[in-house]
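Take a look at the structure below.
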Amino acid sequence: MTTTLLTIWFLHVAAMMSPGANVLLVSQLAASDRARSARFAALGVTAGAAIWSTCAVLGVNAVFQAVPGLRLALQVAGGLYLLLVASRLWRSGGADLNGQATSVSASAAFRLGFLTNITNPKSALFFGSVFAASFPAQPSALLQMSAVAMVVLNALCWHTLLAYLFSRERVRAAYSRTRRTANQVASVAVGTLGLGLLVASMREIKAHPLLQTD
């Protein structure tokens, strides 16, 4: 059990450290002098990780394989949502994700973090693949619950750490000097992720005869 959990921990940490929409969201909020908002966004991301990892344990991959249109619909929704976030970042200039100069409310920050994570079905596919590769043929309920708990703790610690590090005075000072450029760079990065989801979805639809409308 310990070896299995260590394997899952390593793979999850490696995945989280790769720059993605979750990392960009939390770090951008923190660096723009909104540490409290960044912490709530981290909680939202963690809630999404809890749901996806639980779904993976419950076999959501089997559902996605049986109904590929469901995963693709969610993937398209995720791509469109990321494009919306990218658009807000680009238009905000020196302001925050809501286009305002004031702090993002706790509920809005949590919602941003949650939606950014939950609208990406690749999270479910990642956890499903990792669990399938790491779990024994007949995993115990304790092992499954421990794996989900560890994923939640990993996500909470990592994204809270990001919120802390990017809210440091030196980081915020550097960000404030290049706020507009930083927001535009983040916008391009998030938009690229969103477009990637949409392009991948279109390719799958074209390659899957049951999903074609002609």
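The values are calculated or read from the model by the stated rules, or taken from the named source; none is laboratory data. Everything quoted here is computed from the prediction, not taken from an experiment. Note that each Cβ is placed from the backbone with ideal geometry, even for glycine, and that neighbours are counted across all protein chains shown. Just the protein is used for accessible areas: all its heavy atoms, side chains included, with ligands, DNA and RNA removed. Shrake-Rupley method; radii C 1.70, N 1.55, O 1.52, S 1.80 Å.
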* Asked: Listed residues 155, 147, 124; which is hydrophobic (A, V, I, L, M, F, W, C), touching a Cys at 6+ places or on another chain (Cβ under 8 Å) and open to solvent by less than 30 Å² (accessible area, probe 1.4 Å)?
  -> 124
* What pairs come up if the first residue lies in the range 146-174 and is more than 12 Å from residue 39 (Cα to Cα), the second is outside any helix (DSSP H, G or I), and their beta carbons are under 6 Å apart, counting only those six or more places apart or on different chains? -> 172/33
* To do: Could you list all residues from the range 127-144 that are surrounded by 11 or more Cβ atoms within 10 Å (Cβ to Cβ) and of a type outside the set (A, V, I, L, M, F, W, C)?
  => 128, 129, 134, 139, 140, 144
* To do: Determine whether the range 68-78 contains at least one residue that is surrounded by 15 or more Cβ atoms within 10 Å (Cβ to Cβ), under 12 Å from the mean Cα position of the chain (by Cα) and modelled with pLDDT under 85.
  => yes
* Asked: Is it true that some residue in the range 53-60 is at pLDDT 85 or above, of a type outside the set (Asp, Glu) and open to solvent by less than 20 Å² (accessible area, probe 1.4 Å)?
  -> yes
* Qualifying position, being closer than 22 Å to residue 84 by Cα, aromatic (Phe, Trp, Tyr) and either part of a helix (DSSP H, G or I) or in contact with a Cys (Cβ under 9 Å, 6 or more places away or on another chain) (or both), among 10, 40 -> 40
* **Which listed residue, of 117, 98, is open to solvent by 40 Å² or more (accessible area, probe 1.4 Å) and either at pLDDT 70 or above or of a type outside the set (A, V, I, L, M) (or both)** => 98
* To do: Taking residue 209 as meeting all but one of (1) of a type outside the set (A, V, I, L, M); (2) open to solvent by 80 Å² or more (accessible area, probe 1.4 Å); (3) more than 18 Å from the chain's Cα centre (by Cα); (4) modelled with pLDDT of 70 or more, write down the number of the exception.
  => (4)
* Asked: Here are 39, 91: which of them is modelled with pLDDT under 85, open to solvent by 10 Å² or more (accessible area, probe 1.4 Å) and among the basic types (Lys, Arg)?
  -> 91
